[in-house]
1. Condition first: among the hydrophobic types (A, V, I, L, M, F, W, C), touching a residue at least 60 places away in the same chain (Cβ under 8 Å) and either out of contact with any strand residue (DSSP E or B) (no Cβ under 6 Å at 6 or more places or on another chain) or closer than 16 Å to residue 94 by Cβ (or both). Now tell me which residues in the range 126-146 satisfy that.
2. Identify all residues within the range 126-138 that are under 21 Å from the mean Cα position of the chain (by Cα) and open to solvent by 10 Å² or more (accessible area, probe 1.4 Å); write none if there are none.
3. State which residue is nearest to residue 132 (Cα to Cα) when the search covers only the range 196-227 and only residues that are in contact with a strand residue (DSSP E or B) (Cβ under 9 Å, 6 or more places away or on another chain) and of a type in the set (D, E, K, R).
4. Out of 158, 209, 174, I need the residue that is touching a helix residue (DSSP H, G or I) at 6+ places or on another chain (Cβ under 8 Å), among the small types (Gly, Ala, Ser) and closer than 20 Å to residue 119 by Cβ. Which one?
5. Can you tell me which residue is nearest to residue 137 (Cα to Cα) among those in the range 99-121 that are outside any loop (DSSP other than H, G, I, E, B) and of a type in the set (Lys, Arg)?
6. Under 6 Å between Cβ atoms, which residue pairs at least 6 apart in sequence (or on different chains) link something in the range 148-162 that is under 12 Å from residue 123 (Cα atoms) with a partner that is loosely packed, with under 15 Cβ neighbours inside 10 Å?
7. Considering only residues that are in contact (Cβ under 8 Å) with a residue 12 or more places away in the chain, over 21 Å from the mean Cα position of the chain (by Cα) and open to solvent by 90 Å² or more (accessible area, probe 1.4 Å), which ones fall in the range 97-122?
8. Within the range 150-198, which residues are in contact with a Gly (Cβ under 8 Å, 6 or more places away or on another chain) and of a type in the set (Lys, Arg)?
Amino acid sequence: MVWARVIGSCSVLSGSVVTYLVAGNRHYGSLFSKPLAAQLTHSSDVLGEASISPCWDENWDKRDPQSMMRKKAEEEEAERPTATRRLFLIRHGQYNMSGTVDEERTLTDLGRLQAEQSAKRLFELGLEPTVIYHSTMTRATETFHAFNKTFPDVPTKSCDLLREGAPYPPQPPSKLWRPEVHFFRDGARIEAAFRKYFHRADVQQKEDSVEFIVCHGNVIRYFVCRALQLPPEAWLRISVAHCSVTQINIRPSG
């Protein structure tokens, strides 16, 4: 089961709502006005095997041991993951929106303070990340530096897949923002990022892990929808504040 919560000023689905949505089968409660089947029209066309189902897909990451080649019971039990992966999705801080190219979209003074305070808060919570991933865009990289300063001994990795973009045509459609070409270009990349980072722990991983991912608002909103097996076109309904932290736990059961 995937579990989600929010630390800080980020408005997303709480645990209690998630339980209701997963158990809803045919409808997604009051958040969605149409039956689930109507919500899935676009999802199945683009996501293929990863399309949304009215029931929870236990093998959403294709790593469920029971889906593998049939083996003896003791061998199958030995190859089950036992660790939980705790992913912390961190949006970059406030940045200069008047910049015309990425290099000019640097953090503002407030954005740098937000990054420092967010890193400090996670440190005060006693978190010990095993790795910090970050987008290669300027505002995310500068935000990452605050976390790298607070957690200096943690391995770090940059990733182009985590760059900001338009992940999926939203429902309801945006009247002012319809970048169809960007959906076509960015959607596959952001979906690839989801498949890279969101999966249950490998069998070889014996201890629970804490992983920070410093990236962008649209990317995080899409990740949350995909992780909770909600229609990806709902991503624009979620609000993600600057330097907010969204926690996703991926347990061994998936």
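The values are calculated or read from the model by the stated rules, or taken from the named source; none is laboratory data. Fair warning: this is a prediction, and the values are worked out from it, not measured in the lab. Here the Cβ is made from the backbone with ideal geometry for all residues, glycine too, and neighbour counts use every protein chain on show. Only protein heavy atoms, including side chains, enter the accessible area calculation; ligands, DNA and RNA are left aside. Shrake-Rupley method; radii C 1.70, N 1.55, O 1.52, S 1.80 Å.
1. The answer is 137, 140, 144.
2. 127, 128, 129, 130, 131, 133, 134, 136, 137, 138
3. Here the residue is 211.
4. Criteria check complete, one pass: 158.
5. The residue in question is 112.
6. 150/123
7. 103, 112, 116, 117, 120
8. Within the range 150-198, 185, 189 qualify.
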